[in-house]
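The values are calculated or read from the model by the stated rules, or taken from the named source; none is laboratory data. Keep in mind that what you see is a predicted model, and the values were worked out from it rather than measured. Glycine also receives a Cβ, built like all others from the backbone with ideal geometry; neighbour counts cover every protein chain displayed.
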Protein chains: 2
Amino acid sequence: MTITILFGGSSYEHEVSIVSAITMKKVLKKSTVRFIFVDAMRDFYLIENDRMKSSFFASGEYKKSKKLILKKTGFFSKSIFGSKAVDTDVLLNLIHGRDGEDGKIAALLSFYSVLFISPRTEASVLSYNKLYTKSFARSVGVQTIPYEHLSREDERKIEMGYPVIVKPVRLGSSIGLSVVRSMAELDYALDVAFEFDSDVIIEPFVEDVKEYNLAGAWTGKWELSMVEEPQKDGFLDFEKKYMDFSRDSQIREASISNTLKQEIQESFKKIYNPLFHGSIVRCDFFEVEGEVYLNEINPVPGSMANYLFSDFEDMFVRLSSSLPSEENIVIDYQYINSIQSAKGKA
Amino acid sequence: MTITILFGGSSYEHEVSIVSAITMKKVLKKSTVRFIFVDAMRDFYLIENDRMKSSFFASGEYKKSKKLILKKTGFFSKSIFGSKAVDTDVLLNLIHGRDGEDGKIAALLSFYSVLFISPRTEASVLSYNKLYTKSFARSVGVQTIPYEHLSREDERKIEMGYPVIVKPVRLGSSIGLSVVRSMAELDYALDVAFEFDSDVIIEPFVEDVKEYNLAGAWTGKWELSMVEEPQKDGFLDFEKKYMDFSRDSQIREASISNTLKQEIQESFKKIYNPLFHGSIVRCDFFEVEGEVYLNEINPVPGSMANYLFSDFEDMFVRLSSSLPSEENIVIDYQYINSIQSAKGKA
């Protein structure tokens with residue numbers, strides 16, 4: 001099977017997407033893998049497999065690669081005899097942050113009838129924006145952490161007690177995120193978060209909260225990953241982040257009770273079904289006093305959360321053959337014909 | 001000024017979009033107007049102005065028109081000397097229903113840095129899906145009608161009393177919508193609605209409810225239309241619908257109290273700001289016992305609700321010069337360079 005990975009994008013997470021894509025090259029061992037890079041200008045390039053090193057992109061060398069355009073059914077390069085398709089069975093959207101997680105790439109691929117793995121546009125919009133995630137989770141019966149919301153022009157005043165965590169509403173990978181331990185620190189944290197977004201979300205920060213991650217997909221049956229209790233030594237810095245996006249070896253499952261595990265799994269299913277069909281997403285949960293809360297949905301998780309699955313590639317292949325596609329709409333101009341008749345113009 | 005109108009689409013509302021586009025030709029008198037048709041197969045065609053008649057599309061004659069492709073900055077036709085841009089100052093998304101109102105076209109145009117009038121992807125997703133509209137409206141302090149939600153696989157049982165109105169969650173133009181007066185009629189109404197969507201929303205049907213429509217935009221200042229009390233003689237059939245999408249003469253303002261008018265205007269502003277910047281939308285409100293409720297948001301209203309404005313074209317031009325665009329993200333590969341250094345590979 002041939003899998004084409006789309007990565008990069010006009011996104012604050014452009015660079016970690018490169019790291020993710022390089023990791024997938026190691027993970028997808030049995031398949032033929034191709035790479036399409038979306039640069040900062042949103043030009044598409046076909047990248048040879050042996051050029052998949054981060055310096056190739058950082059140096060700008062990638063610009064010598066073959067340029068592609070997206071048209072109906074897929075990506076094409078120009079050749080002397082017209083245009084030549086990049087042959088693939090399926091496309092994986094591996095663009096983190098803007099473009100990839102906000103629904104734009106999903107919209108492009110749906111519009112042009114490309115088979116792809118990614119949340120669709122509706123699912124992307126609801127999971128990319130943390131405010132919408134909250135109300136969506138509530139609507140399907142999954143608890144979330146209480147929060148406050150501030151826009152750039154709002155008075156910088158919050159009701160909840162400290163410490164709190166301040167996050168831009170629309171970003172992932174902890175960009176623009178701060179833990180604020182007193183009112184004196186709030187202003188600076190908001191300045192940082194508003195650098196990246198017009199809106200921020202503020203939640204209570206619970207020291208040493210239990211966090212559990214679970215990824216999964218529906219491939220005609222549920223394929224849920226192991227539950228991981230991620231290690232949190234201090235806060236995310238760039239090395240920790242790099243580790244997150246380059247992980248390719250399987251984890252050890254969290255040692256939790258069966259009841260807790262089932263609750264996490266049930267919450268995942270409520271979130272995923274049916275909105276996220278066609279995607280592999282990772283949900284991050286908190287456990288507080290025995291209750292499970294959704295922290296966030298990662299619509300395009302770092303390195304596709306491959307390390308959480310015991311058979312990632314096989315699951316990926318199964319998902320590829322059970323992808324949703326839009327219903328076909330027959331347009332027969334009956335309506336216009338009736339108007340024409342009614343007007344005596346038929 | 002040159003305005004290019006994008007219409008058609010792979011949508012149940014494809015045909016009314018053609019009617020809307022023909023109407024806009026009459027409305028935009030002072031501008032140069034061009035037309036790009038998206039056919040059922042999602043191919044793009046440049047349509048000469050004198051071919052803008054519904055029979056040109058219904059007959060399939062449009063296929064002889066110049067084919068276009070969408071690339072960075074806009075639409076292009078092939079010429080002997082490469083490709084030629086369709087010159088325009090702004091593009092209007094006039095595709096009703098799927099593609100146009102679900103955020104796909106907005107995503108394509110944002111991705112390719114085209115200046116366009118339409119709700120952006122996030123705003124489209126929230127207004128296209130009536131369930132999300134409800135929770136969004138609530139979150140900005142606008143009341144909506146109570147409702148129940150059924151999915152295709154749910155038991156066909158509702159709690160509320162009859163009569164009710166059954167609507168597909170994601171469509172406009174009253175497609176798939178029924179008024180149900182007793183339990184015996186529910187099954188058929190659900191069959192009809194589920195033809196068009198996997199989810200339906202059910203609301204109490206209030207005979208002779210007062211309905212008021214208001215359209216508007218933010219062009220650096222609020223530009224709110226008159227308030228109309230639409231005429232409802234019986235239910236929408238195809239002639240009535242045709243009238244709605246072909247309206248081009250100004251209405252008479254509803255005779256309502258100043259208090260009610262202000263409440264409607266304030267509700268509109270809460271919905272519009274800031275999510276809908278860059279668009280002209282129409283909101284339909286109900287008045288029940290002196291209270292204002294949002295019924296629905298029309299992200300791409302029929303004939304752009306031109307008939308509600310006293311100076312539609314001037315407002316349109318003002319909006320064209322105050323369109324939002326995505327923030328530029330600088331990608332400097334600092335992060336990858338730091339990893340390289342840390343690894344001793346710099």
Taking only the stretch B:264-285 into account, find how many residues are surrounded by 19 or more Cβ atoms within 10 Å (Cβ to Cβ) and over 18 Å from B:E101 (Cα atoms). 4
Under the condition of being in contact with a Lys or Arg (Cβ under 8 Å, 6 or more places away or on another chain) and of a type in the set (S, T, N, Q), which residue from the stretch B:31-83 is surrounded by the most Cβ atoms within 10 Å (Cβ to Cβ)? B:S65
State all residues of the stretch B:22-46 that are more than 12 Å from every other protein chain (Cβ to nearest Cβ), of a type in the set (A, V, I, L, M, F, W, C) and under 21 Å from A:K343 (Cβ atoms); if no residue qualifies, say none. B:M24, B:V27
Could you list all residues from the stretch A:197-231 that are of a type in the set (F, W, Y), surrounded by fewer than 20 Cβ atoms within 10 Å (Cβ to Cβ) and not in a loop (DSSP other than H, G, I, E, B)? A:W222
Check the stretch B:155-166 and report whether any residue there is touching an Asp or Glu at 6+ places or on another chain (Cβ under 7 Å) and in the same structural domain as B:H14 (by TED's automatic domain parsing). no
I'd like the residue in the stretch A:291-337 that is within 14 Å of chain B (Cβ to nearest Cβ) and not in a loop (DSSP other than H, G, I, E, B) and, out of all such residues, is farthest from A:D102 (Cα to Cα). A:N337
Condition first: assigned to a strand (DSSP E or B), aromatic (F, W, Y) and within 11 Å of chain A (Cβ to nearest Cβ). Now tell me which residues in the stretch B:51-91 satisfy that. B:F76
All positions within the stretch A:153-186 that are of a type in the set (A, V, I, L, M), more than 21 Å from the chain's Cα centre (by Cα) and either crowded, with 20+ Cβ neighbours inside 10 Å or not in a helix (DSSP H, G or I) (or both): A:I158, A:M160, A:V164, A:I165, A:V179, A:V180, A:L186
Output the residues belonging to the stretch A:143-167 that are within 14 Å of chain B (Cβ to nearest Cβ) and either touching a strand residue (DSSP E or B) at 6+ places or on another chain (Cβ under 7 Å) or among the acidic types (D, E) (or both). A:T144, A:Y147, A:E148, A:H149, A:L150, A:S151, A:E153, A:D154
What is the residue count in the stretch A:1-45 for residues that are under 17 Å from the mean Cα position of the chain (by Cα) and assigned to a loop (DSSP other than H, G, I, E, B)? 5
Filtering the stretch A:103-133 down to residues that are at the interface with another protein chain (Cβ under 8 Å from one of its Cβ atoms), out of contact with any Lys or Arg (no Cβ under 7 Å at 6 or more places or on another chain) and assigned to a loop (DSSP other than H, G, I, E, B) yields A:G103
The residue from A:K67, A:K78 that alone is at pLDDT below 95 and of a type in the set (K, R) is A:K78
